[in-house]
Amino acid sequence: MTIRAPFNFVPLNKDVYIPDWNDKITQDIPFKEGEDGTIILKMKNLTPIFIRNGHAQGGVDDDFSAHILQNGVKKYYIPATSIKGMIRAVMEVLTFSKMNMYDDDFFGYREFNTKIPTGKKYHRSMEGEKCGWLSKIGDDYIIKPCGDPEIIEIGDVKKKFRFYKKTDKAIDKYEAFKQYAGAKYPLFNGKHLVCTGYMNNKEHEYLFAEGSNSEKLILSKSVKEAFISIYKPSSYYEYLINSLKDKDGDELPVFYHTDNGEVTSLGLTRMYRYPYSKRVSDGINQTLKDTEGRSKEYGMDMVQCIFGTIKEKDALKGRVQFGNAFTDAIIPDEQLIACKGVLGSPLASYYPFYVRQNGNTYSTYDDSKIEIAGRKRYRIHKNNYITNLPAGNGNEKTLSSLKLLPAGSTFDVQIRVHNMLPIEIGALLSAITFHNTQGVYHNLGMAKSYGYGKMEIDMNDLGLIGFKHSVKEYMTSFETDMSKFTVSCHLGKWTDSNQIKMLFSMATDHDKNLELMSLDEYKDGKINTNFDTLKEDDFTVQSLVNPEHFKRDLLKNDFIEAESLIEQHQYSAAIRKYCSLKEDLSEYDVTDIDQKIHAIENLIEKEAEDKKKEEEARKEAENAARKGKGLSAFLDALNLHGEYVVQNLKLCDAKVKKWLKDDNNRNKLNNDEIEDLTKTLIRILNNNIKEKEKKDWLDINSRVWDTISKWMEETCLKEVFDKVVNSVSH
């Protein structure tokens, strides 16, 4: 089944960009690079546009916003808040910001067709319903149970209450009962008659008992919120709220279900809309990240930094102000286009559209891990065509009255910025101009789904007053910063990311599959396993950034690390790092990297020569020390703690061997050296040898003296042994 819709969704960015400066913004202390200035632009509506006058008097709701001049002539304008909302919505996508502006609703479903994925579950959920009286006491919603609902045939109701057939709608019946019988829910055989609304071929209504005041069920917060949220879009909502706001605690008949004594759901009819287990916020899975793509716990996104916020830890005033956009010319009232129609659209509960679909079976608001489809945006109609508003079923309450300005009106806009960084100015300009892209349009006002409100911003008339740089320079700075972020999150360059391409594609001209589907098609869509998804043509977003400059900027930290390795004399590691950079930049000019590698190789050669000279100097110094101080200084050297280095025979053996090796690989010590060695042996034996080891030192045939004998002639060994043994304290 091929679906149609005048809207689509920009996939929600899971990674939220948090600027490094988000916690440094104040109104009192300007940024060092902060700028003030004014952006001047012209907008033109390519199709008729309507924006309701929020200040209209006398209940008039079809007037366009206008300023009355002294001569009584109207000068029409687009309110600043409307322009601000239009630009902000685009910037949220461009800057990978949070999704903050949404109604966190619960949705309900009522599916009688078991072929629909939720149909069987709905019938199971509706089993075992109870009835009761709902009242509001303070902030609590309380049900007074009255058992099982009793069915009464419509014929019996009509015999008892002749005025019943005079009206079809349930709410009207309540008013009729109140007028004729003196109560909303008149008594019938000792119970209250409850009417649940009009239905073709309806066969019965319900009787509710009075109920006991001793047993009451308090609704949990989530159940209460789901109940109110589900009825908010319906005609029952106003009646529901009014019925529960009286101070005397009016009661409302409800049907409900429980689990372990706790109310799990409720409604105003027996087969009420059963709530999904998840709400909108459960499908908004976003993670805050810094410039390097690392997760953060808190921080304001780019849109919050620029437009301000009241939702975060600290409220922040915005640093951008939009002016009203007045028409260039006076437009006579008779030129306005008056029309009526139904501005219909599927509700957000329609999961085939509003929940992201990734598999062969539908994801609904009951899935354990849901993901909303994204940010809803209306497609642009090609050739500036518009479609007529549907006439509806003749019910005047469903019709919207519009008085549209004709196509071709030009509006002047001024946008003032205060203390904004160049990157932020670039983000604002990019949102205004769609990154300086031709053939891409904004849309504004009511009836956008029918092609109304298509807006063009003239790039040639875009002016900057009081700024230091050009439009392109600001947007290039912004794009560079965003691309660093998207690359760090493994999303590719900013201009190649799915979110940006989808946004731009939806803002270009479309000429097919723009009409809303019929009610039957929406129903069939839930059953059809081959249900299509809303698609957009691929769009190439032109980059303003020099690829080589961006690539080098992206690898800036690697260059810094390579320099640090050089400073630490880790030349081999530095060369490997530069070779890696050379490979990453293989398609660009890497002459400077080759020069850097050559310079490091020269440093390695010089360091090798310096080490060779140092080693020769060291050996000369050792020889000089050998001649001046002898073996005693070598064996009795002290460490940094003032302790002898040689404290056992093993270390003494190693030192003597080194001494002999360094002196032309001699085999034996001379007489002076033997005398120095004897002193060291006496020190070791008397200060460092444990009692149980002394027996080996006192035995000339032991391994101790076998080791010592290798350093001298045999004739000298007995003399050294006697001196060492005689030194032992007895």
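Some notes on this structure:
- Residues R88, R379 arranged by fewest to most Cβ contacts within 10 Å: R88, R379
- Which labelled figure in (1) 80, 66, 55; (2) 142, 72, 52; (3) 153, 54, 51 is Cα extents along the principal axes in Å, once derived from the coordinates: (2)
- Considering only alpha-carbon pairs that sit under 8 angstrom and 6 or more positions apart, the relative contact order computed for region 310-384 is 17 percent.
- Sparsely packed trypsin sites (Lys or Arg not before Pro) within region 462-515, loop by DSSP, other Cβ within 10 Å at most 14: K468, K512
- Structural descriptor for region 636-726: relative contact order 29 percent, calculated from alpha carbon pairs under 8 angstrom and at least 6 residues apart.
- The Kirkwood hydrodynamic radius of region 636-726, based on inverse pair distances between different Cα atoms, is 13.7 Å.
- Shape call, region 228-332: gyration tensor on alpha carbons, a/c limit 1.5: oblate
- Cα gyration tensor category, rounded, prolate or oblate, for region 106-279 with a/c compared to 1.5: oblate
- The trypsin sites (Lys or Arg not before Pro) of region 208-305 meeting both criteria, a DSSP state outside H, G, I, E and B (loop) and at most 13 other C-beta atoms within 10 angstrom of the site's C-beta, are K245, K247, R294, K296.
- Annotation note: trypsin sites (Lys or Arg not before Pro) in region 307-346 located in DSSP loop regions with a Cβ neighbour count of at most 11 within 10 Å are K311, K313.
- Rounded to whole Hz, the Karplus (6.51, -1.76, 1.60) HN-Hα couplings of region 187-196, x for glycine and proline: 6, 9, 6, x, 10, 8, 7, 10, 9, 10
- Bridging of K655 to lysines at a Cα separation below 20 Å is possible for K619, K627, K629, K668, K679, K710, once same-chain residues fewer than 8 apart are set aside.
- Protection proxy ranking for 417-429, 98-110, using the average of other Cβ atoms within 10 Å per residue and placing the highest first: 417-429, 98-110.
- Ordering I152, I708, I560 by the number of other Cβ atoms within 10 Å of each residue's own Cβ, fewest first, gives I560, I152, I708.
- Mean residue ellipticity at 222 nm, helices only, the chain: -10500 deg cm²/dmol; runs of at least 4 DSSP H residues each add -39,500 (n - 2.57), and the sum is divided by the number of residues.
- Across the chain, the relative contact order, built from alpha-carbon pairs under 8 Å that are at least six residues apart, equals 20 percent.
- Listed by chain and number, the lysines whose C-alpha is less than 25 Å from the C-alpha of K512, apart from same-chain residues fewer than 8 away, are K44, K340, K376, K382, K448, K454, K501, K523, K526, K535.
None of the figures in this text is laboratory data; all of them are computed from the coordinates on show. Computed from a prediction, not measured in an experiment: that's the story for all the values here. Positions of Cβ are generated from backbone atoms using ideal geometry, with glycine treated the same way; all protein chains shown enter the neighbour counts.
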